[in-house]
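Take a look at the structure set out below.
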Amino acid sequence: MTIEKQHFLLAAERDKEQVIAWRRHLHSHAETGFDLAGTVSYVKAELETLGISARPCGKAGLVAELGTSNGRGVFLLRADMDGLPIKEESKETFAAENGKMHACGHDMHTAMLLEAAKLLKEREDALGGTVRLMFQPAEELLSGAKDMIEAGVLGGEPVSAAMMLHVMTGTAFPAGTAIVAAPGVSAPAADYFTIRIKGKGCHGSSPNLGVDPVNAAAHVILAIQGVQTRELSMGERAVLSIGSINGGEAANAIPDSVVLKGTMRTYSEETREYIKKRLQAVAEQTASTFLAEAEIEYPSGCPALQNDADLAAKVLGYARELFGESGAFSAAEFEGKRAQGRSEKTAGSEDFAYVSEKVPSVMVALAAGSAEEGYCYPLHHPSVRFDENALPAGSALLAYSAYRFFL
C-alpha cells in the first residue's frame, strides 16, 4: 500500500508542469454553459494522447473508462469544464481575453481529472474495477449533470460510488489540503427564477394613462424578501437574491414590462417547494395591487447534494493515507478550525447533486490559496486566482481514491 501511495503522490508531482499547462490552456480559452466546443475537443485530444478513448455524452459532455469490467462495479470521478460570463481581471499572464472566465476553478478540476486519468492509466492492470471519468458541461447553469445522466453516464455496469473535488480560495490551510464533506447535505438546492412584470407603457409625463411595471417590480422585490425573513423559522436556512433587473430604455417613458432574475438556495425539499409557491403568490398578488401582472418561471435548478456516510468515511481515510492527519480534515473539523476566525458558511450549490440522488457520492473541497498568500478573492469574482500548487494533491487524491476503493 505504501508503494502505491507513493506512486500516486510522486507521479503527480512529477507531472506538475504538464498539469499546469493543461490548466492554463483551459483557463485562457474559457467557454461557458453547453458551448464548449474548444474545451471538449482539447480534453478529448489530451485523453487520446494518454491512450484513453473518450465518447460524447449529452450536449457537451465526455465519458471515458479505465480498468476492467469484472462485476465489481464502477467508481465515477467527475470534473466540470465550464466557465462563467465574467470579464477577467485577475492579471494572470494566462488570463482569458474573450469576456469569459474560469472564476470557479473548473479549469483546475478538469486538469486534475486529466492527470488522475494518466495516473490510473499507468496502474490500469492493478485496478480492481472500472473507473469512469465524467467531464461535465454547464455546471454553472445547474444543468450539465442532469443532461449527462439523461444521456446515460450512469448506465451500463452499475456505478458503486461517485466523487468530485472543488477548489477553494481564502482558506487558512496550505494548498492541497483536503476537506471531505460530512454525511448528509453539503451544498443546498438551487433554483434560478425569472419574474416578468407586465404593465402598459406610456409617456413618463402621463403615468395615469399606463400601468407602471417598474413601480410594481420594486414592490415585488421588497415583498418577496419577506418570504425568507418572516415566513421561515430560524432553522430553515434559505437565501433569496435578485441579481438582474431589466426594463425600459428611455428616461421619459414607462416601459411595457420589467424582467427580474434571481436565485434561491434551500437545504430541504419542503422549504424549496414552499418558497417556490410563495414566490409565485407574492409576485402575482403584489403586481396586481399596482394593476400589473406577474409571471414566474424556474428555468433551471438542482436538488441538495447528499453525501453518503460510508463513502465519506472511506475517502477521508484515503486522503489521510496520502497527506497525513494534517493534510486532510472532515467538514466538522474544518468548520471547527474556521470558527476560530471567520465562521460564515458557504451556500454555493453544485449540480453534482443530481448524481448524488442516484448513487452514493461524496464532495471534497481542496484548498487552493490562502488569503495570507494573496488568494483573497472569492469564487466568481473577476479577480479570483488559484494556487496551482494544489494541482498535484487533487490529482493524486482523485486517482488514489478510485484505486483504493476496489482493494
Inset, instruction - Go through the range 281-323 and give me each residue that's outside any strand (DSSP E or B) and more than 27 Å from the chain's Cα centre (by Cα). - result: 281, 282, 283, 284, 285, 286, 287, 288, 289, 290, 291, 292
Inset, instruction - Look at residue 82 and say whether it is under 15 Å from the mean Cα position of the chain (by Cα), among the acidic types (Asp, Glu) and either within 18 Å of residue 143 (Cβ to Cβ) or surrounded by fewer than 22 Cβ atoms within 10 Å (Cβ to Cβ) (or both). - result: yes
Legend entry - Any pair with Cβ under 7 angstrom, 6 or more apart, that starts in the range 140-157 at a residue that is closer than 13 Å to residue 81 by Cβ and ends at one that is in a helix (DSSP H, G or I) and of a type in the set (Ser, Thr, Tyr): 145/354
Inset, instruction - Considering only the range 21-39, state which residues are among the hydrophobic types (A, V, I, L, M, F, W, C) and surrounded by fewer than 19 Cβ atoms within 10 Å (Cβ to Cβ). - result: 21, 34, 37
Inset, instruction - Find the residue count for the range 134-178, including only residues that are over 17 Å from residue 352 (Cα atoms), assigned to a strand (DSSP E or B) and either of a type in the set (A, V, I, L, M) or touching a Cys at 6+ places or on another chain (Cβ under 7 Å) (or both). - result: 1
Inset, instruction - Inspect the range 222-231 for any residue being of a type in the set (Val, Ile, Thr), surrounded by fewer than 17 Cβ atoms within 10 Å (Cβ to Cβ), at pLDDT below 95 and in contact with a helix residue (DSSP H, G or I) (Cβ under 8 Å, 6 or more places away or on another chain) and give the result as yes or no. - result: no
Inset, instruction - Kindly indicate whether residue 333 is open to solvent by 20 Å² or more (accessible area, probe 1.4 Å), modelled with pLDDT under 95 and either of a type in the set (Phe, Trp, Tyr) or under 21 Å from residue 392 (Cα atoms) (or both). - result: no
Inset, instruction - Take residue 268 and decide whether it is closer than 18 Å to residue 300 by Cα and exposed (fewer than 11 other Cβ atoms within 10 Å of the Cβ). - result: no
Inset, instruction - Give me a count of the residues in the range 368-407 that are under 21 Å from residue 76 (Cα atoms) and not hydroxyl-bearing (Ser, Thr, Tyr). - result: 13
Legend entry - Segments classed as helices (runs of 4 or more DSSP H), wholly inside the range 1-107, with at least 3 members that are in contact (Cβ under 8 Å) with a residue 60 or more places away in the chain and over 21 Å from residue 375 (Cβ atoms): 2-14, 37-49
Legend entry - Tabulated pairs, the range 277-288, first under 10 Å from residue 223 (Cβ atoms), second open to solvent by 70 Å² or more (accessible area, probe 1.4 Å) and not in a helix (DSSP H, G or I), C-beta under 7 angstrom, 6+ apart or interchain: 287/293
Legend entry - Condition broken by residue 208, with the remaining ones in (1) under 31 Å from the mean Cα position of the chain (by Cα); (2) polar (S, T, N, Q); (3) farther than 19 Å from residue 295 by Cβ satisfied: (1)
Inset, instruction - Only one of these is among the hydrophobic types (A, V, I, L, M, F, W, C), in contact with a strand residue (DSSP E or B) (Cβ under 8 Å, 6 or more places away or on another chain), closer than 30 Å to residue 398 by Cβ and surrounded by 14 or more Cβ atoms within 10 Å (Cβ to Cβ): 217, 253, 175. Name it. - result: 175
Legend entry - Checking residue 148 against (1) under 28 Å from residue 328 (Cβ atoms); (2) surrounded by 24 or more Cβ atoms within 10 Å (Cβ to Cβ), the condition it does not meet: (1)
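The values are calculated or read from the model by the stated rules, or taken from the named source; none is laboratory data. Source: prediction; values computed, not measured. When we count neighbours, we look across all protein chains shown, and the Cβ atoms used for this are built from the backbone with ideal geometry, even at glycine. These accessible areas exclude ligands, DNA and RNA; they are computed on the full protein's heavy atoms, side chains included. Shrake-Rupley method; radii C 1.70, N 1.55, O 1.52, S 1.80 Å.
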